[in-house]
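Below is one structure; the comments refer to it alone.
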Amino acid sequence: MTHERTDQHTRMAREGRTLRTRDERERLCPTPGASVAQSPTLPRNPDGWFLHVPFLQRVVMPGKAEDRRLAKPDLKVGTLDLYADSTVGAAWAGDRVPDVRTLWHAQENAQREKTLQKVARNQRASGRPVKGERSNQALWQTIRGRDAALAWRMAALIVTWAVAQGIQVLVFEYLRPYRPTRGLSRSRRTNRKRSYWHRGQIRRHVRDLALRQGILVVERHPAWTSQVCPHCHRLAERFSPGGSGYPSRLRGGGCGWSGDANVAAALNLKRKWDRTFRYPTKAERQAAELRRASNGGAAVNPGQVPISV
Ligand SMILES: [Zn+2]
């Protein structure tokens, strides 16, 4: 490649050009799959000097999502739903779902909250924060380090699963802007915010890793996906198996199906990709609202879907 570059420089100087032709640019790109080391740099940060050697890899873009969907309706699709405690993936073969996988990270989520509680306790004990001085640095560093490692680990697990299932398109739900919940302790609030941010991080890593495997990653709006029945597509009801606590299950009104709400959301997301998602009618929404009001449940509103944390 160095030869090619020198040759091109000589030729360009001889012909009085400053810009490369398309063909010349093409010849400087590495062959797909090969990694080429670039010039190293020596960045400095508070911990010292680091030798940074970037690698260049050529990735062939699979093309625009909608064009591909229209050209090849039988693309292998994987739908993914990220929550604070788990990630649910569904692999599709046409209309069938040969594999549904739940990856748990509830323990890591709880561990983060515990560390945040420790930070809060320390802050209470030390009184007013000193301006310009950072407190609990070691604890924050632990949290950051764990989150970074977890994000990469989850992304690697997701992409490995997608490759094993032969998935060509991964559909994520579009991450809505974070809205804080009132009435929670400070550490719990901070944990929710961090967990939300963390899910964005996983998504970015998945995008990076998936692209290298030739897998396209797209996002679709999640409105109503966790509230309709994946079988009859009618508005379903959330309930908790024990009768109290977080309503993690979904019960279909039309067909009697019941199952995990997170799994249902991942299944429904497929119809957002196919553009066949059936939105609940106004009459259905009103009926559900009345039912809910009579048994004192949560409101049905795409913006107020309870987030499992
Ligand atoms: Zn149903």
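The values are calculated or read from the model by the stated rules, or taken from the named source; none is laboratory data. Computed from a predicted model, the values in this text were never measured in an experiment. When we count neighbours, we look across all protein chains shown, and the Cβ atoms used for this are built from the backbone with ideal geometry, even at glycine. Heads up: the accessible areas ignore ligands, DNA and RNA and are worked out on the full protein's heavy atoms, side chains in. Shrake-Rupley method; radii C 1.70, N 1.55, O 1.52, S 1.80 Å.
Miscellaneous remarks
- Taking every DSSP bridge with both residues inside segment 65-304, close to 70 percent are antiparallel.
- Filter on LYS118/LYS193; LYS64/LYS270; LYS76/LYS272; LYS64/LYS193 - keep pairs with C-alpha separation over 25 Å: LYS64/LYS193
- Rounded tilt (10° steps) of 186-212 against the dominant C-alpha axis of the chain: 50 degrees
- Residues of segment 216-257 with amide N under 14 Å of the 7 Å Cα→Cβ point at GLU284: 223-238, 251-257
- Percent accessible area from carbon and sulfur atoms, the chain, protein chains only, probe 1.4 Å: 52 percent
- Taking a Cβ cut-off of under 15 Å around ASP23, the surrounding Lys, Arg, Asp and Glu residues balance to a net charge of +2, with basic ones at +1 and acidic ones at -1.
- The residues packed around HIS233, meaning those with a beta-carbon under 10 Å from its beta-carbon, carry a net charge of +3 if Lys and Arg are +1 and Asp and Glu are -1.
- Cut-off under 5 Å, modelled amide H: who pairs with LEU56 long-range: VAL36, ALA37, GLN38
- Cβ distances below 4.7 Å define possible disulfide partners, and in the chain the cysteines left without one are CYS29, CYS229.
- Relative contact order, whole percent, for segment 65-304 stands at 19, derived from Cα pairs under 8 Å and 6 or more residues apart.
- Build a GNM of the chain with springs between Cα atoms under 10 Å apart, and of ALA156, ALA71, ALA210 the one that fluctuates most is ALA71.
- Counted charge near ILE202, where neighbours are those whose Cβ lies closer than 12 Å (Asp, Glu -1; Lys, Arg +1): +1
- Were the residues from ARG291 through GLN117 laid out at 0.36 nm apart, the gain over their Cα-Cα distance would be 58.8 nm.
- Where CYS255, CYS229 fall by accessible area, highest first, once all protein chains stay in place (1.4 Å): CYS255, CYS229
- Between 0 and 90°, nearest 10: helix 137-164 axis offset from the chain longest Cα axis: 90 degrees
- Nearest-ten-degree value, helix 261-274 long axis tilted from longest Cα axis of the chain: 60 degrees
- What the phi angles of segment 59-68 give under the Karplus curve with 6.51, -1.76 and 1.60, with θ = phi - 60°, is a coupling list of 10, 7, 5, x, x, 5, 4, 5, 4, 5 Hz, glycine and proline written as x.
- The residues of the chain present an accessible area of 61 Å² per residue when probed at 1.4 Å with all protein chains retained.
- In this rough spin-label picture, where each label sits 7 Å from Cα along the Cβ direction, the MET61-SER35 distance is 2.4 nm.
- Considering only VAL59, VAL218, VAL263, the Gaussian network model of the chain with Cα springs below 10 Å gives its largest mean-square fluctuation to VAL59.
- Note on segment 65-304: Cα-Cα pairs beyond 29 Å make up 37% of the total pair count.
- GNM top mover of PHE55, PHE172, PHE239 - the chain, alpha-carbon springs below 10 Å: PHE55
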